[in-house]
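Beneath this line is the structure, given in structure tokens, with notes to follow.
The values are calculated or read from the model by the stated rules, or taken from the named source; none is laboratory data. Keep in mind that what you see is a predicted model, and the values were worked out from it rather than measured. Using ideal geometry, Cβ is built from the backbone for each residue, glycine included, and neighbour counts are taken over all protein chains shown. Calculation scope for accessible area: heavy atoms of the full protein, side chains included, ligands and nucleic acids excluded. Shrake-Rupley method; radii C 1.70, N 1.55, O 1.52, S 1.80 Å.
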Amino acid sequence: MKIRKIKPNMNNTLLETPIQPLYWDAKRKLAFAMISPAFIILLFLAIGPMFFMFVNAFRTWKLAVPTPPRFCGFKNFLNLFRDARFGNAFFNTLFLMVSGIIVQSILGLGIALLLKKPFKLRPVIMALILIPVLIAPVVTGLNWKLIFNDTFGPLNYILGSLGFKEPLWISSNRFWGLFSILIVDTWQWTPFVALVLLAGLEGIPNQVYEAADVDGAKPIMVFFKVTLPLLRPMFVLIVLLRTIFIFKIFDPVWILTQGGPGTATETLSLLTYDTGLKYLDIGYAMAMGVLQIIFMIILANIFLKFTTSSKISSQR
Amino acid sequence: MRQIRLRKGGYRKRFLIMSPFVKCKKNYLLVRRKKMRFNKFAAVCIILVFAFSITSLCLAGGKGKEEVAPMEEAELTITPGTKISVFVDGGINVFPFELFQERIKEQSGIELILNPVAQADVYTKLKNEFVSGTGAFDLVVYFPAQLPEFVNMGNLRPMDDLVGIRDPKLDDIITPFRKLYCEYNGKLYSLPYDGDLHVYYYRKDLIKDPVEQKNFKAKYGYALAVPETWEQQKDFAEFFTRKKGEKLVGKVLANDFYGNGMLLGRGWCHYEWMDHFTSYGGIYFDENLNPMINSQAGLKALSDLKQLMKYAPPGVLSWGFTENRGGFLGGNLAAMILWTGTFKYSYNKDESKIPGNVGVSHIPGVIVDGKLQYKATMPFGRVMSITSTSKHPAEAFWVAAFMSAEASIDFTFDPRTGEDSFRYSHVNAPDKLSEYLANFSKGEVPVDDCKNYLDAIKANLEKGYPDLSIPGSNEYMDILDLYIHKALSGEMSDKAALDKVAEEWNKISDSLGFESQKSIWLSQLDVWKELGYVD
């Protein structure tokens, strides 16, 4: 089937919907009065602090000394662009994000395909694979720190017994450090990815597969030409959610490596924490936060656009 | 065919739009109207958010140094039934308060409300409290490196006028702890709670073994003994590093054995480096606040660490306090430098595989003009201060004085706490320590061993080297730690790493106010000179 390219047109469904103008009649006033408490709370708790952050990103404010905060224009942002440590943290975060999403999507898809067909222990396995997601990230980090321990950790013991070289997982260099963090994140979040994809797989109507069967499609073709394209909205959702989660990754990194060796595994969240809460350089930390928010908004918009267009394409 | 409502006021009039031209125009009007409605809504939101933010800024952001109101003369009496809120790091460090809160209530009627936090959060949470000024705490336990910062911010109340409430036995506090941890600008601001200090731990059984002695002498040409210098420490560590299957003290090793443990994890490595750096005569800054970190002393210290790393466990770049203590007491290390408390556990067979074989000595150093020069860093430590917002300073002082002067000998000797000796009465009581440790370990603890341990503390204190105690010390030391870690992991060369520290330290000093930082540093330097820690 040829997919038509969507053009902006006058028959857009959004415009076809009758629109109610904003009239302040009694009913509407009551409605606003009813939602206003929630709205005010949202303002105070979400938007207010964010605005506070935006304001302070343009100020020099160090809590270690008794000087009041002062406006400094774009100085914090300019310093950020020159800051090699920020660039390094950004690269590390990006690396974890891209590699994490790829690895977890592949593994998650494999698990979802295995769990798709009903079998006797399926409900038990479904419950069991959820456990890593439910464990607090701090506990996960501590567990894996013991597992990765070079001297008495079980992982190196097993590798050594099998005749493999025993790597210094969390203390040798950037590669092993980031790889260790990736393993922990993958262990914790792959089940979540698998469940989302499983829900997607179960949503694909059987008729599609029957039609492919009638057309004589081989299983590999069915997978690539039917299953994967129909799972696309689910993949977009996973990429969006995992991007947000990995972008904020803190606990495993803090517990496993504290960003070390040196700054080899430092992520943006860790650097922002250190700057704001250890060095008490509030203005600079807020500027980091603002840049991260802008980056995330851009990414989220790209993904959402992708989702919307994929929905429209699939509707057509 | 579509219906579109156009008129304000309801559903009174409807147009049937059929011609494409009319349809297009009407659509344009609709979109525009929608936009206008959205704009109104957005404007309301922005105004609300702006108002909220400005209020927040006024309340929290615009505060600079607050003028501290002159202290009212405190009444020198305490009121039974008063509740004192105590801020302290949790686990083994809140335990002394838990041990003594009943006795405090019995003796004074004062009730303690304990607010334990994680050790890593002490500075941050305290700072948050001081910035927001809620007055939640009366008595705070924190690290003395932050004392000048808190005093300068007006967060602490001087204690001089409260001394009459209960005798804090100031003369009994070991001089460096009193001068550096309790006093600032000639006023008493705190009482000690924990006297942290680095000491050198070694395995006595290894040194005593005749076969090992013979082999060592044959290899290095001098007698096997407790290392006095870094060079000897390197030989010692090299000699005792053995592979699984080799013999140590006549026994075949089931695991690899290492010559020394080291504090080289991120956040820890600067402590290990400082022991070397200071013995070579290194100092944080000169008198003009120029960083002296990248001096020859700094480079030699890094070179020492890299040498010693060869004889440490392979993952030592992630080792902190727990790994070193566990490795040493687990019988896998020949020596290490650590805080004084580890000795207290060494006789307990549940925690230690080497009971009775732990020796304690002064930190190794270097020979300068025929004399041994060594320094022992004094990282962390804990002190108790009264907040300037406390409504019960008299009661808070009573509690601080009780804990520091009366209860401290018990809780610093008790292995269940994390606190270490800080009074002359502590380091001169080997009998009492022996009794405590014997009760805890359920076995005999020789008084001589305890005397040797307490003498080592005294010897190290004579050559102590305090933490940097100027505002921003957390940031200065973390940057130092970061680049030392980079150098140790091979990410940067030694010179480049230390030069970078110096560059960053200059930036920090400038951002915090160069002149004020310099004057605080100079005042600290005066006390160090008075104590003979620097020339």
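Results, tabulated for the structure shown:
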{"read-out": "Residue list for the range B:99-115, restricted to those being touching a residue at least 60 places away in the same chain (Cβ under 8 Å) and under 12 Å from B:TRP398 (Cβ atoms)", "value": "B:ILE104, B:GLN107, B:SER108, B:ILE110, B:LEU112"}
{"read-out": "Failed item, numbered, when A:ARG232 is tested on (1) within 13 Å of chain B (Cβ to nearest Cβ); (2) touching a helix residue (DSSP H, G or I) at 6+ places or on another chain (Cβ under 7 Å)", "value": "(1)"}
{"read-out": "Among the candidates B:GLY365, B:GLY341, B:GLY418, residue that is over 23 Å from the mean Cα position of the chain (by Cα) and among the small types (Gly, Ala, Ser)", "value": "B:GLY365"}
{"read-out": "Residues located in the range B:188-208, provided they are in a strand (DSSP E or B) and under 23 Å from the mean Cα position of the chain (by Cα)", "value": "B:LEU188, B:SER190, B:LEU191, B:PRO192, B:TYR193, B:ASP194, B:HIS198, B:VAL199, B:TYR200, B:TYR201"}
{"read-out": "Of the criteria (1) surrounded by fewer than 23 Cβ atoms within 10 Å (Cβ to Cβ); (2) among the small types (Gly, Ala, Ser); (3) part of a helix (DSSP H, G or I), which one B:GLY245 fails", "value": "(3)"}
{"read-out": "Top-ranked residue of the range B:463-478 - restricted to ones that are open to solvent by 20 Å² or more (accessible area, probe 1.4 Å) and under 19 Å from B:LYS179 (Cβ atoms), ranked as farthest from the other protein chains (Cβ to nearest Cβ)", "value": "B:LYS463"}
{"read-out": "Out of B:PHE143, B:PHE150, sole residue that is within 14 Å of chain A (Cβ to nearest Cβ) and open to solvent by 10 Å² or more (accessible area, probe 1.4 Å)", "value": "B:PHE143"}
{"read-out": "Qualifying residue in the range A:250-260 (condition: in a helix (DSSP H, G or I), surrounded by fewer than 24 Cβ atoms within 10 Å (Cβ to Cβ) and either in contact with a strand residue (DSSP E or B) (Cβ under 9 Å, 6 or more places away or on another chain) or of a type in the set (Phe, Trp, Tyr) (or both))", "value": "yes"}
{"read-out": "Within the range B:426-447, tally of residues that are free of Cβ contacts under 8 Å to residues at least 12 places away in the same chain and assigned to a helix (DSSP H, G or I)", "value": "2"}
{"read-out": "Among residues of the range A:46-62, those that are among the charged types (D, E, K, R) and facing chain B (nearest Cβ under 7 Å), counted", "value": "1"}
{"read-out": "Subset of the range B:360-397 (residues that are of a type in the set (Ser, Thr, Tyr) and crowded, with 19+ Cβ neighbours inside 10 Å)", "value": "B:SER361, B:TYR374, B:THR377, B:SER385, B:THR387, B:SER388, B:SER390"}
{"read-out": "Within the range A:171-197, tally of residues that are open to solvent by 10 Å² or more (accessible area, probe 1.4 Å) and either of a type in the set (Phe, Trp, Tyr) or over 21 Å from A:SER105 (Cα atoms) (or both)", "value": "9"}
{"read-out": "Only listed residue being open to solvent by less than 40 Å² (accessible area, probe 1.4 Å), assigned by TED's automatic domain parsing to the domain that holds A:GLY276 and among the β-branched types (Val, Ile, Thr), chosen from A:VAL65, A:VAL103, A:VAL124, A:VAL133", "value": "A:VAL133"}
{"read-out": "Some residue of the range B:485-508 being open to solvent by 10 Å² or more (accessible area, probe 1.4 Å), of a type in the set (Asp, Glu) and not in a helix (DSSP H, G or I)", "value": "yes"}
{"read-out": "Failed item, numbered, when B:ASN260 is tested on (1) open to solvent by less than 20 Å² (accessible area, probe 1.4 Å); (2) modelled with pLDDT of 95 or more; (3) more than 30 Å from B:ALA502 (Cβ to Cβ)", "value": "(3)"}
{"read-out": "Failed item in (1) within 14 Å of chain A (Cβ to nearest Cβ); (2) open to solvent by 50 Å² or more (accessible area, probe 1.4 Å); (3) touching a residue at least 60 places away in the same chain (Cβ under 8 Å), with B:GLU515 passing the rest", "value": "(3)"}
{"read-out": "Some residue of the range A:208-222 being away from chain B (no Cβ under 14 Å), part of a helix (DSSP H, G or I) and under 24 Å from A:PHE247 (Cβ atoms)", "value": "no"}
{"read-out": "Every residue from the range B:154-187 that is in a loop (DSSP other than H, G, I, E, B), polar (S, T, N, Q) and more than 20 Å from the chain's Cα centre (by Cα)", "value": "B:ASN185"}
{"read-out": "Strands (runs of 3 or more DSSP E) wholly inside the range B:316-425 containing at least 2 residues that are at pLDDT 95 or above and within 26 Å of B:PHE150 (Cα to Cα)", "value": "B:382-387"}
{"read-out": "Complete set of residues in the range A:70-86 that are crowded, with 16+ Cβ neighbours inside 10 Å and closer than 17 Å to A:THR263 by Cα", "value": "A:LEU80, A:ASP83, A:ARG85, A:PHE86"}
{"read-out": "Single residue of the range A:135-160 satisfying the filter (of a type in the set (Gly, Ala, Ser) and at pLDDT below 90) that is farthest from A:ASP251 (Cα to Cα)", "value": "A:GLY160"}
{"read-out": "Of the criteria (1) touching a residue at least 12 places away in the same chain (Cβ under 8 Å); (2) in contact with a Phe, Trp or Tyr (Cβ under 8 Å, 6 or more places away or on another chain), which one A:GLY48 fails", "value": "(1)"}
{"read-out": "Residues of the range B:306-329 satisfying the condition of being within 20 Å of B:LYS486 (Cα to Cα) and either open to solvent by less than 50 Å² (accessible area, probe 1.4 Å) or among the hydroxyl-bearing types (Ser, Thr, Tyr) (or both)", "value": "B:LEU308, B:MET309, B:TYR311, B:ALA312, B:PRO313, B:GLY315, B:VAL316, B:LEU317, B:SER318, B:TRP319, B:GLY320"}
{"read-out": "Residues located in the range A:140-171, provided they are more than 27 Å from the chain's Cα centre (by Cα), assigned to a loop (DSSP other than H, G, I, E, B) and within 12 Å of chain B (Cβ to nearest Cβ)", "value": "A:ASN149, A:ASP150, A:THR151, A:PHE152, A:GLY153, A:LYS165, A:GLU166, A:PRO167, A:LEU168"}
{"read-out": "Residue within the range A:285-296 that is within 14 Å of chain B (Cβ to nearest Cβ) and free of Cβ contacts under 8 Å to residues at least 24 places away in the same chain present", "value": "yes"}
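Residue by residue, here is whether (1) over 30 Å from A:VAL239 (Cβ atoms); (2) modelled with pLDDT under 85 holds:
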residue	(1), (2)
A:THR13	no, yes
A:GLN20	yes, yes
A:ALA26	yes, yes
A:ASN79	yes, no
A:GLY87	no, no
A:PHE95	no, no
A:LEU107	no, no
